[in-house]
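Working notes for the structure below.
The values are calculated or read from the model by the stated rules, or taken from the named source; none is laboratory data. In this text the structure is predicted, and so the values were computed from the model without any measurement. Neighbour counts are summed over all protein chains in view; Cβ atoms, including those assigned to glycine, are modelled from backbone coordinates with ideal geometry.
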Amino acid sequence: MLGLGNSISTSGISEVLLTDISNLSLYLQNGVGVTVGGWNDSSGNDNHATQGVEADQATVTEGGLLFESVAGDHYDLRSQIAIGDEEGFTVFATVTLTNSGANQTLLGLNNIEHFLEFVGGSNSLKIKLGGATTTISPGDGSQGDFGAGEKFLLTLVREAGTEGNLNVYKNGTLLAQDSQVSNTGDAEFISVGVRNDNRFLNALLHDIVLYEKELSHYELSNAHAHLTGYHEL
């Protein structure tokens with residue numbers, strides 16, 4: 001297993017740390033600064049995820065946090081992440097869903113206007129940006145499954161520009177979609193594991209990383225190599 005904070009190299013990919021890639025906004029790193037009361041941000045922005053209510057705190061598990069939807073586990077970031085219209089962004093999240101039967105939110109704004117969530121009973125994702133909701137449906141096949149019990153790396157990339165195409169990767173592999181979807185709206189996030197006091201996350205969140213830009217092919221390859229190598233995916 002890769003040591004914490006290190007990167008790996010594969011054929012044609014130079015070693016690079018996730019913190020070496022520019023525009024890193026949030027990095028809740030596996031095994032680093034994790035307690036039931038919060039998860040320290042390793043991006044250098046001090047945008048720590050905190051929860052002061054004991055009943056709403058997740059359980060520290062395998063270097064991450066185990067969220068239970070029935071308990072309403074969730075965390076708030078110290079400051080809101082705001083990404084403008086038509087600006088690119090990239091989200092990585094290593095998760096093990098413990099129940100995939102209901103909609104559950106990965107990132108939210110504590111309201112119904114901005115969120116990224118898994119859609120219950122399907123292998124789809126739903127994202128709401130700038131007031132517009134978009135469902136991302138990878139094609140059929142086990143490669144695209146987001147089922148309960150499997151640890152996987154989810155990557156969402158929103159391309160910069162007027163198209164705003166949304167692309168999804170699983171364990172570093174681009175998933176073909178039933179049809180290409182896009183959303184150019186502004187993105188605003190301040191919570192982890194909750195939408196609007198509902199749709200709570202029911203999963204072990206191993207880590208989450210957010211860049212306020214569309215990563216280049218080189219940067220994306222390095223990030224995927226690091227995260228899949230560290231988590232042995």
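Residues that are among the β-branched types (V, I, T) number at least 1 in the following strands (runs of 3 or more DSSP E) confined to the stretch 18-95: 59-61, 75-83.
Could you tell me whether any residue of the stretch 193-200 is on the phi < 0 side of the Ramachandran plot, surrounded by fewer than 22 Cβ atoms within 10 Å (Cβ to Cβ) and modelled with pLDDT of 95 or more? Checked the stretch 193-200: at least one residue is on the phi < 0 side of the Ramachandran plot, surrounded by fewer than 22 Cβ atoms within 10 Å (Cβ to Cβ) and modelled with pLDDT of 95 or more.
Identify the residue in the stretch 153-176 that is over 22 Å from K128 (Cβ atoms), surrounded by fewer than 20 Cβ atoms within 10 Å (Cβ to Cβ) and among the hydrophobic types (A, V, I, L, M, F, W, C) and, among all such residues, is modelled with the highest pLDDT. Out of the qualifying residues, it is L174. Residue check: K128 meets all listed conditions (1) crowded, with 17+ Cβ neighbours inside 10 Å; (2) in contact with an Asp or Glu (Cβ under 8 Å, 6 or more places away or on another chain); (3) not hydrophobic (A, V, I, L, M, F, W, C); (4) not in a strand (DSSP E or B) but one, namely (4). The number of residues in the stretch 28-38 that are without any contact (Cβ under 8 Å) to a residue 60 or more places away in the chain and surrounded by 19 or more Cβ atoms within 10 Å (Cβ to Cβ) comes to 2.
Each row is one residue, and each column tells you yes or no for (1) within 18 Å of the chain's Cα centre (by Cα); (2) at pLDDT below 95; (3) buried (at least 18 other Cβ atoms within 10 Å of the Cβ); (4) more than 30 Å from Y218 (Cβ to Cβ).
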| position | (1), (2), (3), (4) |
| --- | --- |
| N47 | yes, no, yes, no |
| A55 | no, no, no, yes |
| A58 | yes, no, yes, yes |
| L77 | yes, no, yes, no |
| E86 | no, no, no, no |
| F89 | yes, no, yes, no |
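Based on this model, can you work out whether N99 counts as in a loop (DSSP other than H, G, I, E, B), in contact with a Phe, Trp or Tyr (Cβ under 6 Å, 6 or more places away or on another chain) and farther than 16 Å from N196 by Cα? In short, no.
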